[in-house]
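The block underneath contains the structure these notes are about, expressed in structure tokens.
The values are calculated or read from the model by the stated rules, or taken from the named source; none is laboratory data. Owing to the predicted nature of the structure, the values given are computational and were not obtained by experimental measurement. Backbone-built Cβ (ideal geometry, glycine too); neighbour counts: all protein chains shown. The area values use the complete protein model at the heavy-atom level, side chains included, leaving out ligands, DNA and RNA. Shrake-Rupley method; radii C 1.70, N 1.55, O 1.52, S 1.80 Å.
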Amino acid sequence: MSDKKPSIAIVGAGIGGMCVAATLQQIGVHTEIYEQAVRFARVGAGIQMMPNSMKVLRRIGVEEPLRRKAFQPYSHLNRAWDTGEVLRELPMPESLFGAPYLCMHRAELHEALAAAVPEGIIHFNKRLVGLDESAGQVTLAFADGTSAHADAVIGADGVHSVVRQILIGPDEPIHKGRIAYRAIFSSEYLKGKEIGASRTKWWGLDRHIVIYYTAADRSELYFVTSLPERAEWLTRESWSSKGDVRELREAYQGFHPDVRDVLEACPDCHKWAILEREPLPRWSDGRVVLLGDACHPMTPYMAQGAATAIEDAAVLARCLRETGGDNFPGAFKRYEAHRKPRTSLIQAISSANTWMKGGNDDTSWLYGYDAWNVPLTEKEPAYKPA
Ligand SMILES: Cc1cc2nc3c(=O)[nH]c(=O)nc-3n(C[C@H](O)[C@H](O)[C@H](O)COP(=O)(O)OP(=O)(O)OC[C@H]3O[C@@H](n4cnc5c(N)ncnc54)[C@H](O)[C@@H]3O)c2cc1C
């Protein structure tokens, strides 16, 4: 490794981008993050963090702030939409996979990650429009006419990634004609009713709904759905478009009273298209590499999109450290070789929406994965979906 400290530009200050800035800081790599938004917005949504992602967050100092605020569900509970019959329940004590299972407001996770990255490295209002690699450097061009240089670039710019388009070429994410409603609101709206100590997924015939608390004191709850919608309904900026709460209630008529109580209480909701993508032919080219939704966007049905982006961040840092910190193409190939079999499998199971619907399948390959310590082989995960 040369004396000069490498510097990496990260495109996108989402969960993946922030997390990789924090993991790279741990190995002494300097990063700058370029984000298109003018500031962070408090996106009204919940997020589940499973033990596999919590192990990464622990090492970068994000576990403790989350523990203080997040809700720790007793179990993954899967129930039939109408009778409420328990299809599968997996209690999730911390001892099971060596880390907690937490549910929280997305903004809490974002804030904790922002506190874990070095001050002053996030540059807002920098929408990437071009990349040029020459003479051992990459030049980033932004929509405002400015540019920046780095030894390497990580594209953590989400499902509509510009970095991916530059690397692989243009294409559209897959929209299978399903949309999601979501809402996060005060438990006071429930007027004394409880939703239980678990994160519950209610499985209907062609639709489902997942419900959980997002605050340790149960003062706030969240739900997210999946149901059919005409395929041309699409949102480019997915987090802010509103839904009609009456249409939502209509779509879940006939569901168990516990579900209907939550939907009746819900004051407002958002709606957006569920997008996914087939595994990409490659994740990197020379000094440019992809991470998170930019390279493996998936349906949210296993709650693993952010979790796998967080795992990517730890493994990418390990690969850079192992190859000496400045052999970028070598490190990026090694990272892809280890990560792609796992993320492709998770993409496939997520797409099929079969995870924990019933049966007693092994879950340890997913939740027990420890990105800091797993051997960096290219082996396929042992799990085979039914
Ligand atoms: C309904 C729903 C529920 C989910 N629930 C869970 C869950 O419970 N658990 C879980 O693990 N995952 C969940 N996910 C998935 C998770 O939200 C995503 O996988 C995760 O946010 C991906 O992070 P990312 O950093 O790769 O991309 P993003 O979060 O999309 O961040 C990309 C960032 O890049 C910026 N950007 C984009 N283009 C440019 C550009 N040209 N220049 C500069 N900046 C740019 C964007 O503004 C954004 O800030 C859910 C997803 C959905 C839709």
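Stretch Arg260-Asn125 to full length: gain in nm at 0.36 nm per residue minus the Cα-Cα span?
On the way: separation 135, 0.36 × 135 = 48.60 nm, distance 4.15 nm.
Here the segment from Arg260 to Asn125 would lengthen by 44.5 nm.
At 7 Å along Cα-to-Cβ for each site, give me the label-to-label distance between Gln137 and Ser186 in nm.
Inter-label distance under the simple model: 5.4 nm.
Past the 29 Å Cα-Cα mark, which pairs from Lys5/Lys126; Lys5/Lys55; Lys69/Lys126?
Too far apart for the 29 Å limit: Lys69/Lys126.
May I ask you to evaluate 6.51 cos²θ - 1.76 cosθ + 1.60, the Karplus curve with θ = phi - 60°, for each residue of the stretch 61-66 and list the ³J(HN,Hα) values in order in whole Hz, giving x for glycine and proline?
Working through the residues one at a time gives x, 9, 5, 4, x, 6 Hz.
Lys and Arg at +1, Asp and Glu at -1: add these up for the other residues within a Cβ distance under 12 Å of Ala337 and post the number.
Surrounding charge for Ala337 is +4.
Go ahead and set up a Gaussian network model of the chain, Cα springs under 10 Å, then flag whichever of Arg39, Arg334, Arg282 fluctuates most.
Per the Cα network of the chain with a 10 Å cutoff, Arg39 tops the list.
Note the full-extension length gain between Gln253 and Asp362 as 0.36 nm times their separation in residues minus their Cα-Cα distance, in nm to one decimal. Present the calculation step by step, with values, prior to reporting the outcome.
Details: separation 109, 0.36 × 109 = 39.24 nm, distance 3.34 nm.
Here the segment from Gln253 to Asp362 would lengthen by 35.9 nm.
Contour minus end-to-end for Glu194 and Arg207, with contour as 0.36 nm per residue of separation and end-to-end as the Cα-Cα distance?
Result: 2.4 nm gained on full extension.
What ³J(HN,Hα) values, in whole Hz, does the Karplus curve 6.51 cos²θ - 1.76 cosθ + 1.60 give for the stretch 142-156 when θ = phi - 60°, with x put for Gly and Pro?
Per residue, the Karplus-derived 3J(HN,Hα) values read 10, 4, 7, x, 8, 9, 8, 10, 7, 6, 7, 10, 10, x, 10 Hz.
With the full set of protein chains in place, find how many percent of the accessible area of the stretch 267-386 is carbon and sulfur; take the probe as 1.4 Å. Present the calculation step by step, with values, prior to reporting the outcome.
Values: 2160 of 4270 Å².
Summing carbon and sulfur atoms, their accessible area is 51 percent of the total for the stretch 267-386.
May I ask you to evaluate 6.51 cos²θ - 1.76 cosθ + 1.60, the Karplus curve with θ = phi - 60°, for each residue of the stretch 208-215 and list the ³J(HN,Hα) values in order in whole Hz, giving x for glycine and proline?
8, 9, 10, 10, 7, 6, 10, 10
Give the distance, in whole Å, between the Cα centre of the stretch 31-89 and the Cα centre of the stretch 122-201.
If we compute the Cα centre of each part, the gap is 17 Å.
For a quick check: with amide H placed at 1.01 Å from N, whose amide H comes under 5 Å from Thr31's, ignoring anything fewer than 5 positions away on the same chain?
Counting only residues 5 or more places away or on other chains, the set is Ile8.
How large is the helix-only mean residue ellipticity at 222 nm for the chain, computed as the sum of -39500 (n - 2.57) over DSSP H runs with n ≥ 4, divided by its residue count, in deg cm²/dmol to the nearest 500?
When only DSSP H runs of four or more count, the value is -8500 deg cm²/dmol.
Over the stretch 1-120, give the accessible area per residue in Å² for a 1.4 Å probe, as an integer.
In whole numbers, the stretch 1-120 has 41 Å² accessible per residue.
If Lys and Arg each add +1 and Asp and Glu each add -1, what is the summed charge of the other residues whose beta carbon sits under 14 Å from the beta carbon of Gly286?
Within the 14 Å Cβ shell, the charges total -3.
Within the stretch 150-206, what whole-number % of the accessible surface is contributed by carbon and sulfur, with the 1.4 Å probe and all protein chains included in the calculation?
53
Taking one equal scatterer on every alpha-carbon of the chain, how large is log10 of I(q)/I(0) by Debye at q = 0.06, 0.09, 0.10 1/Å?
-0.22, -0.51, -0.63
I'd like the carbon and sulfur percentage of the solvent accessible area for the stretch 1-76, probe radius 1.4 Å, heavy atoms only, ligands and nucleic acids excluded.
Details: 1510 of 3070 Å².
Using a 1.4 Å probe with all protein chains present, the stretch 1-76 comes out at 49 percent carbon and sulfur.
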